[in-house]
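The values are calculated or read from the model by the stated rules, or taken from the named source; none is laboratory data. Note that this is a predicted model, so its numbers are computed, not measured. Reconstructed Cβ throughout: ideal geometry from the backbone, glycine too, with neighbour counts over all protein chains shown.
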Amino acid sequence: MTFAFDALLVVLVLLNFAALASSRMRAMIHLTALQGVVLGILPLVQPEHAWNWELAGLGAAAVAIKAGIIPALMHHAMREVHIRREIEPLLGFIPSLLLGAAGTGLAVVFANTLPLGAFAGGTLVVWTSFSTLLAGFIVLTTRRAAITQVVGYLILENGIYVFGLLLLDALPFLVEVGVLLDLLVAVFVMGIILNHIQAAFSSQDTTRLSLLKE
């Protein structure tokens, strides 16, 4: 179980890098869906926790929402706005990838300084969480298209979810499910915002929102 848990965390980080380097929106949506599958499996293979129906329910909810419902909503939004690629991001794809790699390295150093007790995979969980948070933040703040900014938000939330694995004993199941429901509601709200931006500007470039200021 320990090997599977560690391997899935590494896969999650690799998916972060793939998202940072991708310009195709469909590919980015697929990458976040794969992250959702990984996140759904992680609670089931976490070495400190035996399999139970509560963890199975959490994993199933994560897969259903992160790898099923949300990607379907994103694909629908992409079809509505007829946009396939991210054009001229504020920070290029290669610099974004290098920044993500540097941030991951710093996250590893920082995680090694934390007192994580007896949890064997704690250090790996922490730096994976921070790396995912940073990757999501980079996508969220450096991409112009509203859809890819939503993808960045999803990746950032995935980092929070990973960090929550350290707290499965302390947080009740309903709190974890509440995080997933908050994410789903946020995506619905962002979908409404996407439609309004498209209707007003015939574009998903969020920099055009500056035209609204007096």
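Odds and ends about this structure:
- Residue list for region 37-68, restricted to those being in contact (Cβ under 8 Å) with a residue 60 or more places away in the chain and either part of a helix (DSSP H, G or I) or among the basic types (Lys, Arg) (or both): Leu39, Leu42, Pro43, Glu54, Leu55, Gly57, Leu58, Ala61, Ala62, Ile65, Lys66
- Cβ-Cβ under 6 Å pairs, at least 6 apart or on other chains, region 87-104 side closer than 16 Å to Ile147 by Cα, far side hydroxyl-bearing (Ser, Thr, Tyr) and modelled with pLDDT of 85 or more: Pro89/Thr142; Leu90/Thr142
- Selected residue [under 30 Å from Pro95 (Cβ atoms), touching a strand residue (DSSP E or B) at 6+ places or on another chain (Cβ under 8 Å) and buried (at least 18 other Cβ atoms within 10 Å of the Cβ)] from Met74, Met25: Met25
- Scanning region 136-148 for residues that are of a type outside the set (D, E, K, R), under 16 Å from Ala18 (Cα atoms) and buried (at least 22 other Cβ atoms within 10 Å of the Cβ), we see that the one that is modelled with the lowest pLDDT is Thr148.
- Enumeration of residues in region 109-135 that are surrounded by fewer than 16 Cβ atoms within 10 Å (Cβ to Cβ), modelled with pLDDT of 85 or more and among the β-branched types (Val, Ile, Thr): Val109
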